[in-house]
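Engineer: The structure under discussion is supplied below as structure tokens; questions concerning it will follow.
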Amino acid sequence: MSDPILSGHQLTRWFPGRTHPALDGVDVTVRQGISLGIVGESGAGKSTLLRQLLGVDRPTSGEIRFTGQPLDRIRHRAFRRQVQVVFQDPRSSLNPRMSVASIVAEPLRSLHIGTDRAARAERVAEVLTAVGLRPEDGRRYPHEFSGGQRQRIAIARALAPAPRILLADEPVSALDVSVRLQIIDLLKDLVDRLGLTLVLVSHDLAIVSQLCQEVLVMRHGRVVERGPTVDVLTNPADEYTRALLAAIPQLPLDLEEEP
Amino acid sequence: MSTPLVEAVETVEAPDAPARRRRGWRSPSFLVGAALLLAVLALALVSLLWSPYGLDHTDPTARLAGPSPQHWAGTDRLGRDQFTQLMLGARTAMWIGLASVAVAFVIGVPLGLLAAAAGRLAENAVVGVIDIVIAFPTLLLAMLLVTVYGASTAVAISAIGIGVSAEVARLTRISASRVFTQDYVLAARTCGTGPLMILVRHVLPNIWHTLLVQAALAFGVAVIAEASLSYLGLGTPPPAPSWGRMLQEAQSTVSVAPWNVLLPGLAVAVTVVGVNLLGDGLREVLDPQLRQERQAGER
Amino acid sequence: MTVLETTGLTITLDGQPLVRDVSLSLAARDRVGLIGESGSGKSLTALALLGLLPPGMRTSGRILIDGEDHLGAPDRRWRRVRGRTVSIVFQEPLTALDPLMPVGRQIAGPLRLHQGLNRSDAERRAIEWCDRVHLPDPARLVRALPHELSGGQRQRVALAMALACRPRVLIADEPTTALDVTVQAQILTLLDELIEETGVGLLFISHDLPVVAGLARHLLVMRTGRLVESGPVDDVLRRPRSGYARQLVASAAQVTRLARPSVHGEYR
């Protein structure tokens, strides 16, 4: 089994004024090359967990480790280069007053990647192409793009510093149905091509099953089930996981057999 | 999944934002406001080069004279040309207005940003200070300053600037807080962008138009405050002319020379109405963009 | 008998058509699904059917309710049919419910208005309805405020409110989109049960094909303001005629397939 890169140990997070912790003793391990899905319904604590793994929120107790070291002993820039994120809604995750090129170049500038402006511009063109946009699109502004294209821009920004881990928080649920598959396909392709490790937070088991080898099912701040995605989906051990699976709306079954 | 489907679906997706419309510049309130303000500004600028009479010129033969070819706006009880006074007063009003808005922004914007960016404790502290300053009347502040430092243009500017800065800080804090909750600020943090660059790159570009409107309105407040201070003798000391002092001096002769009260009063009114219309107009001009961002902010 | 019928319904804003030439009809016991993406005009159509379009939008065509054209009718006439002949539930019940009024009184309100019940009768009926939508402890729950309920419970209240006056057509505009999947499944089951019991005609609006397909018998597909497809659910799913419907079915089928590894074990 490959090495853990990013892990959380006994993570507990209390928010002021709440009677229950948002996270309650959660252990999580992200291994190189094994994409992890974090599944649960609203209030399960999955986004809180993602923010812990991203290092933008601190646990009340417990510890995040990156390549075996506690997070506060890791150099900030080194961590940020390796761990990037895509948020749910590209309408709010892209600054409307910045051009696409400067949005995508932001991690390069802030993390001092690339020797000069020209090198950074080259990298921006490269990642824009990688997500299926054109390098010329860099001159335009977010509002000129559709929802799916904006999510591609957000993905390009995350890819710019060539991270090892890509965290994604419900990356398709703000998008129209017909666009979702394209973004899922893009993520799958990027994981394969770039050797990224994906940590996907989603309420949608179907999407997780498509993108992640391992899955973690959460409820009320705790992990109720974890394991290889195939096992969890075909043979769920936990009652809640079973209910979750049964609740997914389905098309009439025989339809799927048709080509 | 098969490639043809991807291509087919790609064509389904249409850009959802209609092209930005820029029709706001033709809004009537913007145009009228700009015209009024430009007229006052022109008076002030021309006075730098030319005025009908000198500042100290008195015409003892024509005291409290009505409007005439020699004195377009009549004279006061010392025989001073009222139009000259009005032009020079415009200069004072514009200068003090601009300078106090500048002071207000230099104090208010960083304070508001600090409050929005800092943690809860610091924010509460700054908000407390802001609330006290807002509640404290500008006039009272001016009187205090005048008692300590004596009446001068600098004191008037400081008093007005500090008074207005609280409102600027409040608005800056509110708009900046709204930007801070946006995912793109969180995204910037995960890109390794430091707090200062987040302010420069993300926050300021998204709040400057709100602040611009506020600047126009603050200018109006400052002009009124200057006139009030001068009226009370707390503003720019004589001989520098001021609309407020013109009003005050004309008060005793209002029954014989009503135009002497009317004119400076009208000047203050035109300026204030002008900047307010301009502010409303600016809001309309900037609104198509704002509306779009508000939509972006929702969901 | 047809309760609600539109012919050539067109909605324009600033001369731009948002909904174009939409014709549909609904009778009691009909189950019609209207599917489309954001901006397709499906929700505007729903609002138009109740005379609730925002000011500034112009409509043309006909909206027949019990044979009477209501297009451009004064609000007074619309109020007579709203809730009584045609009612609606929205995506987010929290915005549709009065935050300061106990939910029981919100259900009772239309009953008193349309059916002239006195206060105690209306409240008794509200409790009955809370029971029918399977809210726990109805006698106590009617005194709760909307924010004290969960999202699923609020949607149950909204359904009770919509159905209490026995309308003949119910419009459900994305009624489960804001809910978690497990709650969505419960609400869909409840909706199925209620329309079966009451015989109300259903117009179910959603962006989610599997959700619509589970409940509707007839499917309308809307895109950029036009109906591009109309037919029995089975026909549309099996033999979609428009290219757009084909894509919708294909992507929905694919997403459904993803959640069934037991049937198709295509894993890395």
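Engineer: May I ask you to derive the relative contact order of chain A, considering only C-alpha pairs under 8 Å and at least 6 residues apart, and to give it as an integer percent?
Structural biologist: On the way: 467 pairs, mean separation 64.8, N = 259.
Contact order relative to length: 25 percent.
Engineer: Sorted from largest to smallest, which semi-axis lengths in Å does the alpha carbon gyration tensor of region B:124-207 give for its equivalent ellipsoid, taking the root of 5 times each eigenvalue? Display every interim value, and only then the final one.
Structural biologist: Details: eigenvalues 257, 34, 17 Å².
In descending order, the three semi-axes are 36, 13, 9 Å.
Engineer: Looking at A:179, A:131, A:215, which one has the Cα that reaches farthest to the positive end of the dipole of the protein assembly as shown (charges on Cβ: Lys, Arg +1; Asp, Glu -1)?
Structural biologist: Going by the Cα projections, it comes out as A:131.
Engineer: While we're looking at this one, here's another question. Could you pull out every residue, at least 5 positions away or on a different chain, whose amide H is within less than 5 Å of the one on residue C:222? Hs are placed 1.01 Å off N in the peptide plane, and Pro or chain starts have none.
Structural biologist: Counting only residues 5 or more places away or on other chains, the set is C:35, C:36, C:228.
Engineer: Moving on to the next point. Over 13 Å, how big is the tail of the calculated P(r) for region B:45-112, in percent of all Cα pairs?
Structural biologist: 67 percent
Engineer: Just to check I understand the Karplus step: with θ = phi - 60° and J = 6.51 cos²θ - 1.76 cosθ + 1.60, what whole-Hz values come out for region C:213-223, glycine and proline as x?
Structural biologist: Working through the residues one at a time gives 5, x, 10, 8, 10, 10, 10, 10, 10, 10, 8 Hz.
Engineer: Do you know the relative contact order of region C:2-258, to the nearest whole percent, from alpha carbon pairs under 8 angstrom that are 6+ apart? Each step should come with its number before you reach the end.
Structural biologist: On the way: 486 pairs, mean separation 68.3, N = 257.
27 percent.
Engineer: For chain B, what is the relative contact order in percent, using Cα pairs closer than 8 Å and at least 6 residues apart in sequence?
Structural biologist: Working: 428 pairs, mean separation 79.8, N = 299.
With pairs under 8 Å counted, the relative contact order is 27 percent.
Engineer: Next question, about the same structure. Under the rule of at least 5 residues apart or a separate chain, name every residue whose amide H is placed under 5 Å from the amide H of residue A:32.
Structural biologist: Hits under the 5 Å cutoff: A:3, A:5.
Engineer: Same structure, new question: Sort largest first and round to whole Å: the equivalent ellipsoid semi-axes of chain B, each the square root of five times a Cα gyration tensor eigenvalue.
Structural biologist: Working: eigenvalues 466, 124, 32 Å².
Here the semi-axes work out to 48, 25, 13 Å.
Engineer: Please work out the Cα center distance from region B:148-216 to region A:155-192, rounded to the nearest Å.
Structural biologist: Comparing the Cα centres of region B:148-216 and region A:155-192, I get a distance of 35 Å.
Engineer: Using only the Cα atoms of region B:116-275, what are the Rg and Dmax in Å?
Structural biologist: Taking only Cα atoms of region B:116-275, I get Rg and Dmax of 20.5, 73 Å.
Engineer: Continuing with this model, one more query. Apply the Karplus parameterisation 6.51 cos²θ - 1.76 cosθ + 1.60, with θ equal to phi minus 60°, to every residue of region C:88-102 and state each ³J(HN,Hα) to the nearest whole Hz, in sequence, with x for glycine and proline.
Structural biologist: 9, 10, 9, 4, 10, x, 5, 7, 8, 9, 6, x, 9, 10, x
Engineer: Restricting things to alpha carbons, tell me how big chain A is in terms of Rg and Dmax, in Å.
Structural biologist: 18.7, 57
Engineer: On the principal axes of its Cα set, how long, how wide and how thick is region C:69-176? Give whole Å, largest value first.
Structural biologist: That works out to 42, 32, 24 Å along the principal axes.
Engineer: Mind putting together the pair-distance distribution for region A:171-218? All Cα pairs, 5 Å bins, whole percent per bin, short to long.
Structural biologist: It works out to 4, 20, 33, 26, 13, 3, in whole percents.
Engineer: I need the Kirkwood Rh of the protein assembly as shown: take the reciprocal of the average 1/r across all distinct C-alpha pairs and report it in angstrom. Working shown, then result.
Structural biologist: Details: mean 1/r = 0.0320 Å⁻¹.
Answer for the protein assembly as shown: a Kirkwood hydrodynamic radius of 31.2 Å.
Engineer: Picking from C:70, C:24, C:100, whose Cα lies most toward the positive end of the charge dipole for chain C (charges on Cβ: Lys, Arg +1; Asp, Glu -1)?
Structural biologist: About the Cα centre, the residue reaching furthest to the positive side is C:70.
Engineer: Ranked by Cβ crowding within 10 angstrom, fewest neighbours first, how are C:166, A:75 ordered? List each step's numbers first, then the result.
Structural biologist: Working: C:166 15, A:75 9.
Least to most surrounded, the residues fall as A:75, C:166.
Engineer: When the Kirkwood radius is taken over all Cα pairs of chain C, what Stokes-Einstein diffusion coefficient follows at 37 °C and 0.692 mPa s, in µm²/s? Let's see the in-between values first.
Structural biologist: Working: Rh = 19.4 Å.
Reported coefficient: 170 µm²/s.
Engineer: List the equivalent ellipsoid semi-axes of region C:2-60 in whole Å, largest first, each obtained as the square root of 5λ for an eigenvalue λ of the Cα gyration tensor. Let's see the in-between values first.
Structural biologist: Details: eigenvalues 85, 32, 20 Å².
Equivalent ellipsoid of region C:2-60: 21, 13, 10 Å, largest first.
Engineer: Given that compact globular proteins tend to follow 2.2 N^0.38 Å, what is the ratio of the alpha-carbon Rg of region C:188-229 to that value?
Structural biologist: Working: Rg = 11.6 Å, N = 42, 2.2 N^0.38 = 9.1 Å.
Dividing the Cα Rg of region C:188-229 by 2.2 N^0.38 Å gives 1.27.
Engineer: By Kyte-Doolittle mean hydropathy of at least 0.5 and Cα axial length of at least 24 Å, which whole DSSP H helices of chain B are selected? Could the numbers behind the result be given before it?
Structural biologist: Working: long enough: B:28-49 (32 Å, 2.50); B:82-117 (50 Å, 1.52); B:153-180 (38 Å, 1.06); B:204-231 (39 Å, 1.21); B:259-297 (54 Å, 0.34).
TM-like helix candidates: B:28-49, B:82-117, B:153-180, B:204-231.
Engineer: Give me the tail of P(r) for region C:1-143 as a percent: Cα-Cα pairs with distance above 28 Å. Present the calculation step by step, with values, prior to reporting the outcome.
Structural biologist: Working: 3061 of 10153 pairs.
Tail fraction, whole percent: 30.
All of the numbers you see were taken from the coordinates with simple rules; none came from a lab. Bear in mind the structure is a predicted one, so any value in this text is a computation, not a measurement. Every residue, glycine among them, receives a Cβ derived from its backbone with ideal geometry; neighbour counts consider all protein chains shown.
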